[in-house]
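One structure below.
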Amino acid sequence: MKKRMTKLFLLLSIVSAMFPFLAPVAASAADASSGYVLLAHMSSISVKVGQNVSKGTVLGVMGSTGDSTGPHVHVEYTKGVSNNKSDRLNPKDYIDIYAALNKKAKISCDWMCYPNHTGVDLIPEAGGGANVTSPVKGTVVTATYSSSWGNYVRIKITGSSGGSTWNRVAETGRFYPQMTVNVRNAPTTTSPQVAQYYKGESFVYDSYVVNEGYIWLSYISGSGVRRYVAWRVQGGEKFGYIV
């Protein structure tokens, strides 16, 4: 039995190496359906404790209050209510951190970019000011000031912002729609339409999801948010072609 398991393990390893596109990938960064998110150093706060927020809700204005050397938003994630340094996890593994600003964002100081930096700092890619927005769906549990975080908001996540119930399969290619197709934040027709692609346009995708009888191509948009486009009915009509 041990020999058979060893052979099976070796076979699976070889197949995975030869066909990496068959391997499921980790849930996307927007997939956490529980936990707590903290966003710090705002110049002002526009939400109150007990307020329900959705992904994209404006929480305040990016600033440099508290222990800060310049305007940015500091993002932290914990699975439980405790927010000691030992409880904090890399937020990039759990939430869509780029949705913490209302402009296309970039990381100015990554997780552990210096000792004990248990979060990720973001600034607008093009510079200038920005609003701090909620990267998750949840309820505000803290909205106050501290000497370290300055003006900060902490949110208890109350549901997935999209994607937690779907497995993305890694595959790369370019999709050419042959009709107008809708772009959504989640691989479901109930997710709001955020953009469209037209015949003659194309985009590069990095994975796909099978859901609701459709095959959805997925990619990271210019704003850093994961998007989904249905490219065909499963086993049926195609809305374009891929290469």
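Beta carbons closer than 7 Å, at least 6 apart along the sequence or on distinct chains, pair a first residue in region 82-93 that is within 20 Å of I107 (Cβ to Cβ) and assigned to a strand (DSSP E or B) with a second that is of a type in the set (V, I, T) and modelled with pLDDT of 90 or more for R88/T78; R88/T118; L89/T78. State whether one or more residues within region 133-152 are over 19 Å from Q51 (Cα atoms), touching a Lys or Arg at 6+ places or on another chain (Cβ under 8 Å) and not assigned by TED's automatic domain parsing to the domain that holds S221. The answer is no, given that none of the residues of region 133-152 is over 19 Å from Q51 (Cα atoms), touching a Lys or Arg at 6+ places or on another chain (Cβ under 8 Å) and not assigned by TED's automatic domain parsing to the domain that holds S221.
Residues in region 227-235: is at least one surrounded by 14 or more Cβ atoms within 10 Å (Cβ to Cβ), in contact (Cβ under 8 Å) with a residue 60 or more places away in the chain and part of a strand (DSSP E or B)?
Within region 227-235, none of the residues are surrounded by 14 or more Cβ atoms within 10 Å (Cβ to Cβ), in contact (Cβ under 8 Å) with a residue 60 or more places away in the chain and part of a strand (DSSP E or B).
Annotation: of all residues in region 149-189 being more than 16 Å from the chain's Cα centre (by Cα), assigned to a loop (DSSP other than H, G, I, E, B) and at pLDDT below 95, the one that is surrounded by the most Cβ atoms within 10 Å (Cβ to Cβ) is T188. Restricted to region 69-81, and to residues that are outside any strand (DSSP E or B) and at pLDDT 95 or above, which residue is surrounded by the fewest Cβ atoms within 10 Å (Cβ to Cβ)? Residue satisfying both the conditions and the ranking: G70.
Scan region 100-114 and give yes if some residue there is within 17 Å of V225 (Cα to Cα), at pLDDT below 95 and surrounded by fewer than 15 Cβ atoms within 10 Å (Cβ to Cβ), otherwise no. Yes, region 100-114 has at least one match. The single condition among (1) touching an Asp or Glu at 6+ places or on another chain (Cβ under 9 Å); (2) crowded, with 19+ Cβ neighbours inside 10 Å; (3) in a strand (DSSP E or B) that P135 does not meet is (3).
The values are calculated or read from the model by the stated rules, or taken from the named source; none is laboratory data. Owing to the predicted nature of the structure, the values given are computational and were not obtained by experimental measurement. Here the Cβ is made from the backbone with ideal geometry for all residues, glycine too, and neighbour counts use every protein chain on show.
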